[in-house]
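Trainee: Take a look at this one; I'll ask things after.
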Amino acid sequence: MTRTRPSYLDLPEGLYSEVPTSRFPDPTLFAANQEFAKTFELGPDWFQSPETIAALSGRQPLYEGAPIAMAYSGHQFGHYAPLLGDGRAMLAGALYDTSGHEHELHLKGSGLTPFSRGGDGKATLGAAIREYIVSEAMAALGVPSSRSLAILTTGERIMRQQGPLLGAVLARTARSHLRVGTFQYTAANHDEDTLRALADFAIERLDPDLMDLGDQRYAAFLTRIADRQAKLIAQWMSFGFIHGVMNTDNMTLSGETIDYGPCAFMDAFHPARVFSSIDHYGRYAWNKQPEIGLWNLSRLAEAMLPLFGKEEADQIAAAEAALKDYPAQFKTAWMAAMAAKLGLDEASDHEAFIEETLSLLFEGKADFTRAFTALTRYAHGDSPSAFIGEFEQADPARDWLNNWEAITDNPAQLDASRLNGMRAVNPVRIARNHQVEVAINAAENHSNSKPFHALLEAIKAPFVEDSALAAYEAAPEPEEVVQQTFCGT
Ligand code: AMP
Ligand code: MG
């Protein structure tokens, strides 16, 4: 590992602030993602060295120089907040993978920054655990995501609504933490040269092939970002995932999922399901995510307008043209994802049947993941009773199964590639919210990290059948259902 200075520091100075290094009473490794560390050719010893603990706790960045907090603004639940920024995080280095790509090392919970506003700059062990588990679950499902490298407990307690809680730092990586909000902040606070410098930096990092397009590169970049979001959100939805806080400061340009707060994989399917305790109007509900994606992209387009030409009319026309394919891109990705889950031929139009399937799941109060697992098993030769048993009433499920057989021309006829295809997209185990809560509670209140490690084991190969892990397939008992998650970070 030679290069460790993040290229983010090449941006104009106004786009970040230096922050003091952290001093925690007793930074101690709680979790180390040794498997992921191999991406950077870091062995298990790396986590043991004092330099690593210093780097991961924010005491000494990986490079010579001060750590930084990124500046950004953003629309939170539709309302513009002119100054957000990393209020409890720092960029502490860069790691390079074996292909030579840079990944930013970002520490969440590392202390006060110029962007902390009223907050304490800290994170709870519980919040770090939630983000660690869910981001690793997403990666295992093949969904682009920030990754979790480590959690360190800090040796201090921090005050939250629930009382004093253990503090922690989550060391996470992403190809890029640039957000829609980074452009919003730059457009609102800096001149056009700075905006252009940011855009060129982002293009060179994320889509270097577009640099050949001259002035057209900015609009082409916006289209790339939109394509990534369309595919990302389709993937989220195909796993019943609800991000929970799709504010513009939490939407990346790289198409990686970031900032796991009150997020969850749904148990019983409800299209309007929300998890965040403060999302009273269902703005970020499961079925609203594609629409919110476009809303956020429109805010990005507004921030980028000066890059699209001199005349306002040209700028607006370019922005509209850049985003016009997003709805179709989303729909194509979503239909393809659902067709794959159902073992249907992706080339045909199955929209009506997919709608029918979602209605069946909703009306039958079926568990989203379990229903598709049971269907996959049925397609592989199991009896239909497990599938039918996932629904409140058997008859509609039986009728649906007859339709499905008619469309698939009898599942026994599904060829091996379609059968394997179903296995490859229908997880047997997801990081269920009630299991995440069990892991958090054990770690926070009983100094017991076993449920956390056991859950990570269970979700690391989500598509592989394993009867030893059957407990993780279970839907929550009524008393275990997590209704909402607090932003208590
Ligand atoms: P989030 O939606 O969780 O990504 O956070 C939104 C904004 O609030 C970001 O600017 C965060 O840095 C800031 N923030 C959240 N929690 C804290 C905290 N405990 N201290 C300081 N800033 C915080
Ligand atoms: Mg955020």
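The values are calculated or read from the model by the stated rules, or taken from the named source; none is laboratory data. Here the structure is a predicted model, which means the values were calculated and not measured. Reconstructed Cβ throughout: ideal geometry from the backbone, glycine too, with neighbour counts over all protein chains shown. When the accessible area is computed, the model is the full protein with side chains, heavy atoms only, and any ligands, DNA or RNA have been set aside. Shrake-Rupley method; radii C 1.70, N 1.55, O 1.52, S 1.80 Å.
Trainee: So, for the chain, what is the accessible surface per residue at a probe of 1.4 Å, expressed in square angstrom?
Mentor: Ligands and nucleic acids excluded, the result is 41 Å² per residue.
Trainee: Out of segment 205-314, which trypsin sites (Lys or Arg not before Pro) are coil in DSSP terms and have no more than 13 other C-beta atoms within 10 Å?
Mentor: Qualifying residues, ordered by number: Lys310.
Trainee: Which length gain, in nm to one decimal place, applies between Leu83 and Thr98 when the Cα-Cα distance is subtracted from 0.36 nm times their residue separation?
Mentor: 1.8 nm
Trainee: Treat each spin label as a single point 7 Å out from the Cα along the C-beta direction, and report the Asp466 to His190 distance in nm.
Mentor: 4.5
Trainee: In addition: Using modelled backbone amide H atoms (1.01 Å from N, in-plane), which distant-in-sequence or interchain residues come within less than 5 Å of His75's amide H?
Mentor: Residues meeting the criterion, in which the H sits 1.01 Å from N, are Ala81, Thr248, Asp249.
Trainee: Can you compute the FRET efficiency between Ala394 and Glu351 using 1/(1 + (r/R0)^6), with r the Cβ-Cβ distance and R0 = 25 Å? Round to the nearest 0.05.
Mentor: 0.45
Trainee: Pick out, from Ala458, Ala328, Trp400, the residue whose Cα sits farthest towards the positive end of the charge dipole of segment 326-463, with +1 on the Cβ of Lys and Arg and -1 on the Cβ of Asp and Glu.
Mentor: Of the options given, the answer is Ala458.
Trainee: Given Pro82, Val143, Pro427, which one lies farthest toward the positive end of the charge dipole of the chain, if we put +1 on the Cβ of every Lys and Arg and -1 on the Cβ of every Asp and Glu?
Mentor: Farthest along the dipole direction, towards plus: Pro82.
Trainee: Of the options Ser298, Phe47, Phe275, report the single residue whose Cα projects farthest towards the positive end of the charge dipole of the chain (beta-carbon charges: Lys, Arg +1; Asp, Glu -1).
Mentor: Phe47
Trainee: What do the square roots of 5 times the Cα gyration tensor eigenvalues come to for segment 356-407, in whole Å, largest first, as semi-axes of the equivalent ellipsoid?
Mentor: Gyration-tensor ellipsoid for segment 356-407: 15, 12, 10 Å.
Trainee: Another one. Report the net charge of residues surrounding Ala272, where surrounding means a beta-carbon distance below 12 angstrom and charges are Lys +1, Arg +1, Asp -1, Glu -1.
Mentor: It works out to a net charge of +2.
Trainee: In the chain, which whole DSSP H runs stretch at least 20 Å along their own axis (Cα) and average -1.0 or higher on the Kyte-Doolittle scale?
Mentor: Sorted by number, the helices that extend far enough and score high enough are 125-141, 192-206, 217-238, 289-304, 326-341, 394-408.
Trainee: Per the Kirkwood treatment, what hydrodynamic radius in Å, one decimal, follows for segment 151-246 from the mean inverse distance over all distinct Cα pairs?
Mentor: Computed over segment 151-246, the radius equals 16.8 Å.
Trainee: Continuing with this model, one more query. Quick one: compute a quarter of the convex hull surface over the Cα atoms of the chain and quote it in nm².
Mentor: About 23.2 nm², averaged over all directions.
Trainee: Right, another one. Quick one: grab the alpha carbon gyration tensor of segment 7-174, order the square roots of its eigenvalues as a ≥ b ≥ c, and give me rounded if a/c is under 1.5, else prolate or oblate depending on whether a/b is larger than b/c.
Mentor: Rounded, because the longest to shortest axis ratio a/c is under 1.5.
Trainee: Starting from 0.36 nm per residue, how many nanometres of slack lie between Gln34 and Glu204 once their C-alpha separation is accounted for?
Mentor: Stretched out fully, the Gln34 to Glu204 stretch lengthens by 58.2 nm.
Trainee: Still on this structure, I have one more. Would you mind giving the three semi-axes, in whole Å and largest first, of the ellipsoid equivalent to segment 337-446 according to its Cα gyration tensor?
Mentor: Ellipsoid semi-axes (Å, largest first): 28, 16, 13.
Trainee: Also: DSSP loop (so not H, G, I, E, B), at most 12 other Cβ within 10 Å: list which chymotrypsin sites (Phe, Trp or Tyr not before Pro) in segment 276-363 pass both filters.
Mentor: Tyr281
Trainee: Name the GluC sites (Glu not before Pro) in segment 387-489 that are in a loop by DSSP and that have at most 13 other C-beta atoms within 10 Å, would you?
Mentor: Glu392
Trainee: Quickly estimate the mean residue ellipticity at 222 nm for the chain, helices only: each DSSP H run with n ≥ 4 gives -39500 (n - 2.57), and the total goes over all residues, rounded to 500.
Mentor: Rounded to the nearest 500, the figure is -13000 deg cm²/dmol.
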